[in-house]
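The values are calculated or read from the model by the stated rules, or taken from the named source; none is laboratory data. What you see is a predicted model, and the numbers here were worked out from it, not measured in a lab. When we count neighbours, we look across all protein chains shown, and the Cβ atoms used for this are built from the backbone with ideal geometry, even at glycine. The protein model used for the area step is the full one, side chains on, heavy atoms only, and it has no ligands, DNA or RNA in it. Shrake-Rupley method; radii C 1.70, N 1.55, O 1.52, S 1.80 Å.
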Amino acid sequence: MAKANVNKANPRTWIDPRELRSENDRKAEQLSRLRDVIINAQNQPYYEKAFRTVPVINSFSDLEKLPVLRKQDLIDIQPAAPPFGGLMGDSSRADYLFVSPGPIHEPGFMDPDFWRSARALRSAGFKQGDIVHNTFSYHLTPGAWIFDSGSRAIGCSVIPAGNAPIEQQVMAIFQYQANAYVGTPDFLKTLIEACQAADRGPVPFTKAMVSGGALTPGLRDFFFKSGVQVLQCYATAELGLIAYEVDISGQMVADEDVIIEIIDPDTGCSVPNGQVGEVVVTTLRKDYPLIRFGTGDLSSFVAPEFCKADLNGRTGAILAGWLGRADQASKIRGMFVRPSQLTALCSQIEGLQRVRLVIDRDNEKDDIMLFCEMEDAPVEAVEGEMLENIAQLFRELCHLKTKVSLVDHGTLVDDGRVIVDMRR
């Protein structure tokens, strides 16, 4: 195995030699792996049917001849061919079996750094011997495990904090002197403030890798003043790592083990550099291949002349960062909420005719309110127990807490919008 290079500007950061190779070498290796992945995938039930007329893949542009697989497709195909809709062959055996909101079922494997997050963590200065406080949920969803596996692949010890009470988390942070954090950016702020209020000395955190929420300029400034070096990465439950920051420019380097396309969602064809389109990702692995997986996220490739990131010799493609959604689905506190979940909510509450989820920011944290309209029932006639039932069912379906507000019948416009994201 090639020896990693030390980043002399920041000796805590190691750079994989693969990140420094020429564009031609990267394309040749990825194209060879892509052909093998597609050949192997055609033996699996879903791809056998979807790729029945697929030609030989001789270039990355040939990917446009393949269909885009979307999150909604997973929701549709998995019940008919459980557990993974025919995407994973019989020869593969998952070590972890996850359920994400949707519901979407994903496998996980105990292969070292299956989700490849170690590369992103190293870019943020994570190294062997660090104590990592992991606040992503360990309950059913893979978020925590993505960064748990990456941390352990580097040689870090992990505190599996998840969503434990904040008092317990603060105690663990000081007891173990956790110097690194993974989780959402807004919860990092909450933890730092709680540690400061505990008055037990300096906050141990010196570095963090965040994901699943907006790392706003206000939050960056707060973390800088708190003495914590914070970078963010772009990852999803299905794909693992897609891209990661190497500095605070907001631009992200593409992971070495995925192929990223930026496409026109209507045509499925790639758009020119600098033009915004949907992020479509192909993972180069045979145990659970996702080929042309449409994330629903918007971004663009950054041309070299417009690159602001300090790449330290890295030669991979650069993404402009997260630029919105191509659909109504929104990520809130690290969890996606989709229109289909709100439709399911309405179908399970008798008399609930229409809902609209409004997302905003309050004190650098995601804030949500579910507006509900009952069929032919005035607001004053609805009992408090009904509100509690709606809030509880929302939590079960979406894995999030929300405030619920009843509005009079006819208040919510029937325009097809069930999620309104005011953060954009």
(message) Which residue is surrounded by the fewest Cβ atoms within 10 Å (Cβ to Cβ), if the candidates are limited to segment 263-279 and must be without any contact (Cβ under 8 Å) to a residue 40 or more places away in the chain and over 17 Å from Asp62 (Cα atoms)?
(response) Asp266
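Quick test for you: out of Asn40, Asn24, pick the one residue that is surrounded by fewer than 19 Cβ atoms within 10 Å (Cβ to Cβ) and out of contact with any Gly (no Cβ under 8 Å at 6 or more places or on another chain).
Going through Asn40, Asn24 in turn, the sole match is Asn24.
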(request) Looking at (1) closer than 27 Å to Lys189 by Cα; (2) assigned to a loop (DSSP other than H, G, I, E, B), find the lone condition where Glu350 falls short. (result) (1)
(message) I'm trying to understand the selection: among the residues of segment 388-424, which are open to solvent by 70 Å² or more (accessible area, probe 1.4 Å) and either of a type outside the set (Lys, Arg) or under 12 Å from Cys372 (Cα atoms) (or both)?
(response) Glu388, Asn389, Gln392, Glu396, Lys403, Asp408, His409, Thr411, Val413, Asp414, Asp415, Met422
(request) Mind listing whichever residues of segment 163-183 are within 19 Å of Asp362 (Cβ to Cβ), open to solvent by 20 Å² or more (accessible area, probe 1.4 Å) and touching a strand residue (DSSP E or B) at 6+ places or on another chain (Cβ under 9 Å)? (result) none
(message) Just the residues that are crowded, with 19+ Cβ neighbours inside 10 Å and either without any contact (Cβ under 8 Å) to a residue 40 or more places away in the chain or not small (Gly, Ala, Ser) (or both), please, taken from segment 205-221.
(response) Phe205, Lys207, Met209, Val210, Leu215, Leu219
(request) Just give me the residues in segment 120-154 being farther than 18 Å from Leu400 by Cα, open to solvent by 30 Å² or more (accessible area, probe 1.4 Å) and part of a loop (DSSP other than H, G, I, E, B), in sequence order. (result) Lys127, Gln128, Gly129
(request) Output the residues belonging to segment 187-199 that are open to solvent by less than 20 Å² (accessible area, probe 1.4 Å) and either of a type in the set (D, E, K, R) or farther than 21 Å from Asn363 by Cβ (or both). (result) Lys189
(request) Could you please let me know if Arg35 is modelled with pLDDT under 95 and not in a loop (DSSP other than H, G, I, E, B)? (result) yes
(request) Can you give me the ranges of the strands (runs of 3 or more DSSP E) entirely in segment 259-334 with at least 2 residues that are polar (S, T, N, Q) and modelled with pLDDT of 95 or more? (result) 277-283
(request) Output the number of the condition that Pro112 fails; it satisfies all remaining conditions of (1) farther than 22 Å from Leu140 by Cβ; (2) touching a residue at least 60 places away in the same chain (Cβ under 8 Å). (result) (2)
(request) Run down Ala94, Ala118 and say which single residue is aliphatic (A, V, I, L, M) and closer than 21 Å to Pro45 by Cβ. (result) Ala94
(request) Being assigned to a strand (DSSP E or B) and among the hydrophobic types (A, V, I, L, M, F, W, C) is the filter; apply it to segment 368-399 and report the residue that is modelled with the lowest pLDDT. (result) Met374
(message) Among the numbered criteria (1) open to solvent by less than 10 Å² (accessible area, probe 1.4 Å); (2) outside any strand (DSSP E or B); (3) more than 18 Å from His399 (Cβ to Cβ), which one does Arg116 miss?
(response) (1)
(request) Look at segment 59-72 and say how many of its residues are open to solvent by less than 30 Å² (accessible area, probe 1.4 Å), in contact (Cβ under 8 Å) with a residue 60 or more places away in the chain and in a helix (DSSP H, G or I). (result) 2
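So, in segment 187-220, exactly how many residues are among the acidic types (Asp, Glu) and at pLDDT below 95?
Adding up the residues that qualify gives 1.
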(request) From (1) open to solvent by 50 Å² or more (accessible area, probe 1.4 Å); (2) part of a strand (DSSP E or B), pick out the condition that doesn't hold for Thr343. (result) (2)
(request) Tell me which of these Val56 doesn't satisfy, since it passes every other one: (1) modelled with pLDDT of 95 or more; (2) farther than 30 Å from Gly155 by Cβ; (3) of a type in the set (A, V, I, L, M, F, W, C); (4) not in a helix (DSSP H, G or I). (result) (1)
(request) Return the residue satisfying two criteria in turn: it lies in segment 345-364 and is of a type in the set (A, V, I, L, M, F, W, C) and in contact (Cβ under 8 Å) with a residue 40 or more places away in the chain, and of such residues it is nearest to Leu387 (Cα to Cα). (result) Ile349
(message) Between a residue in segment 34-56 that is within 17 Å of Lys286 (Cβ to Cβ) and free of Cβ contacts under 8 Å to residues at least 40 places away in the same chain and any residue that is open to solvent by 60 Å² or more (accessible area, probe 1.4 Å) and of a type in the set (Asp, Glu), which pairs come within a Cβ distance under 7 Å, given they are 6 or more apart or on different chains?
(response) Gln42/Glu48
